[in-house]
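Written out below as structure tokens is the structure these notes cover.
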Amino acid sequence: MKLIRVENPAEGGKIAFTLLKEQMKAGAKTLGLATGSTPETFYQEIVKSSLDLSDMTSINLDEYVGLAASNQQSYHYFMHKHLFDAKPFKENFLPNGLAKDLAAEVKAYDQLIAKHPIDFQILGIGRNGHIGFNEPGTSFEVTTHVVDLEPDTIEANSRFFASKDEVPKQAISMGIASIMQSKMIVLLAFGKEKAEAVKAMVEGPVTQDLPASILQKHPNVVVIVDQAAAELLD
Ligand code: GLP
């Protein structure tokens, strides 16, 4: 795990963008993408650049169950707003939160990931240490699955909704085993509410209670943290 400390999210986004360009030069074709406020500065760097993504494939980590792509809180909507509308890809994939048959949807998503191995995966981290929507206690062996969201995650994400009651209770998430297959992983963490999770991820034991701790076992992970998120690190 390589740790890069930055002054603020803007600098973090710039560094992540530099890493992306290096990987694309080296032949990366499939990007694993994340939502949440954390990767926004990274997407801003891409959007204001001249980088051509028209030959690239993207696969997102997760989507809420029950939200249509047109719903402003859906991750489909987020991705179009922050990246895809400005930077067309060859193809973009996200789980279908409206799938009638969720079991078939998760299976199809696994097949999709197998067909397009992820070269460069961008991650945020939940304040409980989740990655994607893999909540504490999730097996490291799991691939795409339907998740019951933790009360802490519903609470944290309620800031994007009119009220806590409107936050979906379930999501479809790429699993930890799938994330670990990515050739390179860049995890961004900004702000003091991530400090405890960052410390446990970097310095704590590898445990399913803190899903991001598994990244200690990945051969090519870069963690980019601002000062507030790094403040508890030794
Ligand atoms: C969300 C997403 C994660 C994200 C995390 C942190 O629930 N599913 O992919 O990394 O929580 O979100 P934020 O970046 O807004 O703090």
key: Matching residues in segment 103-134 - criterion: being more than 10 Å from the ligand (Cβ to nearest atom), of a type outside the set (A, V, I, L, M) and not in a loop (DSSP other than H, G, I, E, B)   = E105, K107, Y109, D110, Q111, K115, F120, Q121
request  = Taking the options T57, T30, T38, name whichever one is within 13 Å of the ligand (Cβ to nearest atom) and under 17 Å from the mean Cα position of the chain (by Cα).
outcome  = T38
ask   = So is K169 out of contact with any helix residue (DSSP H, G or I) (no Cβ under 9 Å at 6 or more places or on another chain) and either modelled with pLDDT of 95 or more or within 13 Å of the ligand (Cβ to nearest atom) (or both) or not?
value = no
remark   = Output for Cβ contacts, cut-off 7 Å, separation at least six or different chains, first residue under 14 Å from L3 (Cα atoms) in segment 187-205, second within 13 Å of the ligand (Cβ to nearest atom) and among the aromatic types (F, W, Y), reads L188/F42
query = What is the number of the single condition among (1) open to solvent by less than 10 Å² (accessible area, probe 1.4 Å); (2) of a type in the set (G, A, S); (3) closer than 30 Å to A28 by Cα that A177 does not meet?
reply = (1)
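The values are calculated or read from the model by the stated rules, or taken from the named source; none is laboratory data. Here the structure is a predicted model, which means the values were calculated and not measured. Because the Cβ atoms are built from the backbone with ideal geometry, glycine has one as well, and the counts that use them run over all protein chains shown. Note: areas computed on protein heavy atoms with side chains; ligands, DNA, RNA excluded. Shrake-Rupley method; radii C 1.70, N 1.55, O 1.52, S 1.80 Å.
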